[in-house]
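Worksheet for the structure shown next.
The values are calculated or read from the model by the stated rules, or taken from the named source; none is laboratory data. What you see is a predicted model, and the numbers here were worked out from it, not measured in a lab. Glycine gets a Cβ as well: all are built from the backbone with ideal geometry, and neighbour counts include every protein chain shown. We work out accessible area using only protein heavy atoms, side chains counted, and drop any ligands, DNA or RNA first. Shrake-Rupley method; radii C 1.70, N 1.55, O 1.52, S 1.80 Å.
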Amino acid sequence: MEFFTSASEKRPVRLSAATRQFAWDSLHGKYGDEAERNFAVEMDFLPEFETMSGLDRYDAAIRAIAQRAPLRICPAERVCGAATLSLAIGHRVPVTFRGKDELAGVSHLTLNFERLLKDGLEGYRERILAKMQTELTDEQLRFEQSLLNAVDSFVIWHGRYLDLARRESAQLCALLERVPLHPARSFHEAVQTVWMEFAFARLCGIWPGIGRLDVLLGEYLERDLESGALTLDEAREILASLFIKGCEWIRSQPPTGSGDAQHYQNIVLGGVDGTGREVTNEVTYLVLDIVEELAISDFPITVRVNENTPQKLIRRMSQVIRHGGGIVAVYNEGLILKALERNGYTQKEAARFANDGCWEVQIPGCTDFSYIPFDGLAVFEKAIGLDKEDFSGFENEDGLFAAFLSALEEKVREIYRNNVEAAFYFDGERWRGRWGCECSVVALFEDDCIDRAAGYYDLGTRYTLRSPHIGGAADIANSILAIRRLVFEEKKVSFEELRQIIKNNWSGAEELRLMARNGIEYYGNDSDEADAIMARVLNGFADTVEKIAREHSDCPVRFIPGVSTFGRQIEWRYVRHATAFGYRAGEILSGNASPTPGTDAAGLTAVIRSHCKADLVRQTSGAALDIRIAGSTLSGEQGIAGLSGLIMAFVRLGGFFLQADTVSAETLRAAAADPESYKTLSVRVSGWNARFVTLNREWQEMIIRRTEQGA
């Protein structure tokens, strides 16, 4: 039983044979295939379902799921509960009525798991009932009743598992007698509580992140180790069950597309708490042990790294990263804390940050977050008149950049109108949300919704964020640099001539195209000239977003910038023109805040230096750098030391988010040609991981084309 690695060293073996077999079966689709046979709960038994109000339909659906979803307890599992309905894999509430599904799921959020650990479900019930005794409108009272239905449904589902455990597993039965109804007292109870909240949420069509798992579980493990109630080896077996069960949606013959693990169930490790104390603990290292051994990538992990992060943790991260799969990424904690405090969060609140289940930063358990991606290169194309027959052109680069900023502001204002002004309004008493699906299970596990008697999409959460994300920033910067050289400095061609050449996809201008493509150092090569343009593009974007936010300071919705593509450069390729820097129409260009493929020729350190020259504190939502490191450079102690140094350089130079992979292009091409032999080969895509064979050809080619560098 060999779990794939791209390192020269084999993966270590620490877990029991039964646990490893459980992982192997899960990774090869045993339980995902089972879920695929159980599509959804049919609501046809309730004829009035079709005419019910939205909230009544949602309540009925959640109750029916709790009562009727198939149950499963696996022989080797140490925690129980399973999302056994495959419609939930499609990001829908898994119910149908007369063959149709109509209830949407929710994602890009991290739930509050800490409250359930501390209060138990009965604590939630008490809070809701207490709120219902206060002065509420009929609408608010009905909302609280829906939250109570979510609690009752969870209790029903839990009770069914308790009954099953009484017959099949004395150990699980003992766990479920207490949690999650009541506060967790031990590490095992805490892991069961976290898993059961997570599993119930995604059984209901929600794709939540888990957030700071070591913070959630660390104190429980510490107490059990001190008392002798548990050993580290026993704790590792328990925690491994959570990771293995998170693979329950893997299918043996999955459809291809953007990947089979795109469920936003991210985990964050390490970093400081609100007092500045480092939180790294034994759970931190157990998580790294488990993913190093089992190659489970379905819970992408990001470690919060700062100048004082223990060297032991940096070393363990490096050991895991070199096995490939892109499972472990890096947050520059100090920079992100500054970004959040700059955006109005208190120091204590900022220190709680995790992500939205991908890599965009948010405060877990109290944030309604949405990002709005757009193609910045398309904005630039409009600014230089590629959509026009006649265009007056520019006398200099300042005029060009001013036109870009004007087009950019027009685009960002459109985003604000469509996603904030149209979605939220002031009703004379408070700000309200105008639309959004019913999702009381989400609201239950988000702070403030109970106390505010307001839903997740009705400004019930403490923070509501809408974030325009610029894509193609590197392509814009490269285009400006190419125009500077070819038109304004070297005068190889007039602006109008270059514009026509670009519109004609460089036809008849091959010598000039090669000059543009190969004769200029672009973003990603530690070129101060190129990187200054990239910084100017990103600062201009941040200026625009902040300007619009200030103009609407009365609105409680926070409007914040970020940089991402999340693979959309694949679909954008079909509507983009050729570029001024020598790429033809239809080529896949830059992803996230990374260099355009093929333009970074000066090595990995140069890529990182280029990324870090921009003022990334201003990109509050995030800016990701994707890198692929040649596995041949990571062997032995020298490889670990080199990768550890690379991580700390990224932090010290001012990067935001680093996701690295080590699988070679040769291995990826072999997997594309022979998928059956590489079923468990995982790659980092863009905030999520996926088994490479579940990516379609275009997505595979995008991953392969990421420039491989030596560490």
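Val693 falls short of the stated requirement of being open to solvent by 20 Å² or more (accessible area, probe 1.4 Å), closer than 21 Å to Asp356 by Cβ and assigned to a helix (DSSP H, G or I). Can you name the residue in the stretch 462-508 that is at positive phi and of a type outside the set (Gly, Ala, Ser) and is also surrounded by the fewest Cβ atoms within 10 Å (Cβ to Cβ) among such residues? My answer is Lys491. Checking each residue in the stretch 569-587 for being in a loop (DSSP other than H, G, I, E, B), crowded, with 18+ Cβ neighbours inside 10 Å and of a type outside the set (S, T, N, Q) picks out Arg576, His577, Ala578, Ala580, Phe581, Gly582, Tyr583. When each of Gly218, Gly274, Gly257, Gly228 is tested for being under 21 Å from Lys312 (Cβ atoms) and either surrounded by fewer than 22 Cβ atoms within 10 Å (Cβ to Cβ) or without any contact (Cβ under 8 Å) to a residue 24 or more places away in the chain (or both), the lone residue that passes is Gly218.
Residue pairs whose Cβ atoms lie under 8 Å apart, sitting 6 or more positions apart in sequence or on different chains, and linking a residue in the stretch 437-452 that is within 11 Å of Leu147 (Cα to Cα) and polar (S, T, N, Q) to a partner that is modelled with pLDDT of 95 or more and assigned to a loop (DSSP other than H, G, I, E, B), are Ser440/Gly455.
Scanning the stretch 110-135 for residues that are touching a helix residue (DSSP H, G or I) at 6+ places or on another chain (Cβ under 7 Å) and either within 23 Å of Asp368 (Cα to Cα) or charged (D, E, K, R) (or both) turns up Leu111, Phe113, Glu114, Leu116, Leu117, Leu121, Tyr124, Arg125, Arg127, Ile128, Lys131. Only one of the numbered conditions (1) among the acidic types (Asp, Glu); (2) outside any loop (DSSP other than H, G, I, E, B); (3) under 27 Å from the mean Cα position of the chain (by Cα) is violated by Asp59, and that is (3). Could you tell me whether Phe3 is farther than 21 Å from Arg202 by Cα, part of a loop (DSSP other than H, G, I, E, B), open to solvent by less than 20 Å² (accessible area, probe 1.4 Å) and not hydroxyl-bearing (Ser, Thr, Tyr)? Taking the combined requirement at face value, the residue satisfies it. Only one of (1) over 21 Å from Leu15 (Cβ atoms); (2) surrounded by fewer than 22 Cβ atoms within 10 Å (Cβ to Cβ); (3) in contact (Cβ under 8 Å) with a residue 12 or more places away in the chain; (4) out of contact with any strand residue (DSSP E or B) (no Cβ under 9 Å at 6 or more places or on another chain) fails for Met196. Which number is that? The one condition Met196 does not meet is (2). Residues that are open to solvent by 10 Å² or more (accessible area, probe 1.4 Å) and either part of a helix (DSSP H, G or I) or more than 11 Å from Arg322 (Cα to Cα) (or both) within the stretch 633-643 comprise Thr633, Gly636, Glu637, Gln638, Ala641, Gly642, listed in sequence order. The sole residue among Ile336, Ile363, Ile372 that is closer than 29 Å to Ala201 by Cβ, open to solvent by 20 Å² or more (accessible area, probe 1.4 Å), of a type in the set (A, V, I, L, M) and touching a strand residue (DSSP E or B) at 6+ places or on another chain (Cβ under 7 Å) is Ile372. Listed by first and then second residue, the pairs linking a residue in the stretch 12-23 that is under 12 Å from Glu293 (Cα atoms) and in contact (Cβ under 8 Å) with a residue 24 or more places away in the chain to a residue that is open to solvent by 60 Å² or more (accessible area, probe 1.4 Å) and of a type outside the set (Asp, Glu), with Cβ atoms under 8 Å apart and 6 or more places separating them unless they lie on different chains, are Arg20/Met1; Arg20/Val13. Restricting attention to the stretch 287-326, the residues that are in a helix (DSSP H, G or I), touching an Asp or Glu at 6+ places or on another chain (Cβ under 7 Å) and more than 23 Å from Tyr264 (Cβ to Cβ) add up to 1. Is it the case that some residue within the stretch 131-141 is part of a loop (DSSP other than H, G, I, E, B) and β-branched (Val, Ile, Thr)? Scanning the stretch 131-141 turns up at least one residue that is part of a loop (DSSP other than H, G, I, E, B) and β-branched (Val, Ile, Thr). For the stretch 72-81, a tally of residues being open to solvent by less than 20 Å² (accessible area, probe 1.4 Å) and in contact with a helix residue (DSSP H, G or I) (Cβ under 6 Å, 6 or more places away or on another chain) returns 4.
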